[in-house]
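Colleague: What follows is a structure written as structure tokens; I'll ask about it next.
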Amino acid sequence: MKRVILKILLFILPLGILIYLIPVDRRINFVMLKEDCAYRGTWIFDRIHKNDRPADVVFFGSSKTINGISDEFIESQLNLSSIHVVNFGYCRYGVNIYPVLLKEILKSKNPRLLFLEVRSDENWYSHPVFPYLANARDVFLATPFFNRDLVRDYFDSFLYRIKLIKAGYFNKDTIEPIRGDNYGFRSSTDTASKPLMENAKKEHSVPPRELGYYGKLLYMTYPAYYLEQLSELCMKHKIKLVFLYFPDYGTLLKEPMQMMTYRKYGEVLIPPQEIFNDPDNWGDENHLNQAGARKFSDWLASQVRKELGPAILSTQK
């Protein structure tokens with residue numbers, strides 16, 4: 001039985017390596033995400049590689065960032081012709097996607113400042129699109145510690161690679177027009193209903209369960225691994241990393257629960273609570289609407305100025 005298993009493995013392993021050695025147009029990785037997050041994968045790739053505009057100030061995060069940060073408005077408030085702001089938010093959570101995204105950006109852009117969305121608590125699982133956008137090395141050498149999605153990511157990466165090869169060499173549905181949008185902000189003009197926001201407030205006003213020192217240490221083992229990777233990338237390329245707190249509506253938390261961890265890697269910005277406490281600023285229980293995003297982005301523009309510093313600003317006028 002052991003010999004049979006060994007023979008199977010000796011057959012599968014070279015085949016698996018060959019699958020990853022077959023060249024595939026990198027854009028197809030993003031295009032094949034298709035309607036996920038409203039076709040945002042294609043736009044992200046094209047904004048990085050097909051758009052000549054720089055990306056000096058970038059925002060990473062979930063749909064909260066997509067709906068809550070108007071990159072175009074912030075850029076207009078800065079009023080500096082050579083500072084370009086881009087919202088690279090992508091739907092859902094998982095901190096392991098951010099080093100992948102930053103490495104992609106660094107192939108074509110040279111950001112100075114990176115803002116990373118953080119919430120009341122950190123998520124300790126893999127981002128759903130990580131195995132689709134990460135290279136083989138990042139997937140198969142991912143940390144195994146407290147990584148509940150490790151085997152799933154292996155499996156999904158391998159199957160997606162086969163799908164990419166088929167699409168790249170045999171199908172024509174990967175031919176997508178270039179997305180020329182300069183900015184990534186997307187939000188709604190709607191205002192969430194009062195009953196919806198009241199229910200959200202009740203849910204978010206429940207005091208969080210305290211894990212204790214060792215509990216927090218174990219809980220943060222997985223996300224901290226990728227925060228460390230992101231921090232090292234930023235330091236290597238002289239990018240200032242700043243954490244940006246997105247409080248929930250009605251939360252009792254004035255700052256994120258993992259504040260100590262974030263402070264190891266960069267400054268943590270806490271926005272004015274009144275923006276997030278006003279139910280008229282929300283499109284639904286999780287996302288700011290355009291009115292809320294405008295107020296938040298107006299405050300953020302002043303923070304971006306401070307983070308860039310007078311020396312950089314003076315040379316950009």
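Readers should treat all values here as calculations from the given coordinates under stated rules, not as data from a laboratory. Computed from a prediction, not measured in an experiment: that's the story for all the values here. Don't worry about glycine lacking a Cβ; one is built from the backbone with ideal geometry, like all the others, and counts go over all protein chains shown.
Colleague: Test of understanding: what is the full-extension gain from L253 to H237, defined as 0.36 nm times their sequence separation minus their Cα-Cα distance? Don't skip to the answer; put the middle values down first.
Modeller: Details: separation 16, 0.36 × 16 = 5.76 nm, distance 3.33 nm.
Gain on stretching L253 to H237: 2.4 nm.
Colleague: Using DSSP to call loops (not H, G, I, E or B), can you name the trypsin sites (Lys or Arg not before Pro) in region 185-228 whose Cβ has at most 13 other Cβ atoms within 10 angstrom?
Modeller: Numbers: sites: R186, K201, K202, R209, K216; in loops: R186, R209.
When the trypsin sites (Lys or Arg not before Pro) of region 185-228 are filtered for loop state and at most 13 Cβ neighbours within 10 Å, R209 remain.
Colleague: At most 12 other Cβ atoms within 10 Å and a DSSP loop assignment: could you name the chymotrypsin sites (Phe, Trp or Tyr not before Pro) in region 168-241 that fit?
Modeller: Values: sites: Y169, F170, Y183, F185, Y213, Y214, Y219, Y225, Y226; in loops: F170, Y183, F185.
Passing both the DSSP loop test and the Cβ count: F170.
Colleague: I would also like to ask the following. Give me the number: length gained by fully extending K107 to L269, i.e. 0.36 nm times residue separation minus the C-alpha to C-alpha distance, one decimal in nm.
Modeller: On the way: separation 162, 0.36 × 162 = 58.32 nm, distance 2.80 nm.
Value of the extension gain: 55.5 nm.
Colleague: Among R40, R152, R119, which one moves the most in a GNM of the chain with springs linking Cα atoms closer than 10 Å?
Modeller: R152
Colleague: Roughly how big is region 186-254's charge dipole about its Cα centre, with Cβ charges of +1 (Lys, Arg) and -1 (Asp, Glu), in debye to the nearest 20? Show your work: numbers first, answer last.
Modeller: Numbers: 10 positive and 7 negative charges, 40 e Å.
For region 186-254, the charge dipole is close to 200 debye.
Colleague: Going by how many other Cβ atoms sit within 10 Å of their own, how do L18, L253, L308 line up, fewest first?
Modeller: Working: L18 9, L253 16, L308 19.
Placing the least packed residue first, the sequence is L18, L253, L308.
Colleague: Report the residues of region 40-76 in range of a label on E203: point 7 Å along Cα→C-beta, backbone N strictly under 15 Å from it.
Modeller: Backbone N within reach: 64.
Colleague: Further, regarding this structure: Region 11-105: which chymotrypsin sites (Phe, Trp or Tyr not before Pro) are DSSP loop and have at most 15 other beta-carbon atoms within 10 angstrom? Please list the in-between numbers first.
Modeller: Values: sites: F11, Y20, F30, Y39, W43, F45, F59, F60, F73, F88, Y90, Y93; in loops: Y39, F88, Y90, Y93.
The qualifying sites are Y39.
Colleague: Within the chain, what's the longest stretch lacking GluC sites (Glu not before Pro) that sit in DSSP loops with no more than 16 other Cβ atoms inside 10 Å? Provide the component values of the computation, followed by the final result.
Modeller: Numbers: sites that count: E35, E210.
With GluC sites (Glu not before Pro) excluded where exposed in loops, the chain gives 36-209 as its longest stretch.
Colleague: Set the Förster distance to 30 Å, then compute FRET efficiency between F155 and N123 from the Cβ-Cβ distance, nearest 0.05.
Modeller: So the FRET efficiency works out to roughly 0.90.
Colleague: Turning to a different aspect of this structure: Say the dipole of the chain comes from +1 at the beta carbon of Lys and Arg and -1 at that of Asp and Glu; which of F88, Y125, F243 then lies farthest toward its positive end?
Modeller: Positive-end residue among those listed: Y125.
Colleague: Same structure, new question: Along the charge dipole of the chain, which of L196, S76, I19 sits closest to the positive end, that is, farthest toward it, with unit charges on the beta carbon of Lys, Arg, Asp and Glu (+1, +1, -1, -1)?
Modeller: I19
Colleague: When only Cα pairs under 8 Å and 6 or more residues apart are kept, what is the percent relative contact order across region 114-223? Let's see the in-between values first.
Modeller: Values: 43 pairs, mean separation 43.1, N = 110.
Relative contact order, region 114-223: 39 percent.
Colleague: Can you give the charge dipole size of the chain about its Cα centre, rounded to the nearest 20 debye, using +1 on the beta carbon of Lys and Arg and -1 on the beta carbon of Asp and Glu?
Modeller: On the way: 42 positive and 36 negative charges, 264 e Å.
That gives a dipole near 1260 debye.
Colleague: From the Cα gyration tensor of the chain, with a ≥ b ≥ c the square roots of its eigenvalues, which class applies: rounded if a/c is under 1.5, or else prolate if a/b is larger than b/c, or else oblate?
Modeller: Details: a/c = 1.74, a/b = 1.37, b/c = 1.27.
The shape class here is prolate.
Colleague: Let me make sure I get this right: for region 168-317, a, b and c are the square roots of the gyration tensor eigenvalues over alpha carbons, sorted descending. Under 1.5 in a/c it's rounded, otherwise prolate if a/b > b/c, else oblate. Which is it? Before the final figure, lay out the partial values.
Modeller: On the way: a/c = 1.30, a/b = 1.10, b/c = 1.18.
Since a/c stays below 1.5, the shape of region 168-317 is classed as rounded.
Colleague: Let me ask you something else. Can you tell me the relative contact order of the chain? Whole percent, Cα pairs under 8 Å, sequence separation 6 or more. Don't skip to the end; give the middle numbers.
Modeller: Values: 493 pairs, mean separation 80.0, N = 317.
After rounding, I find 25 percent.
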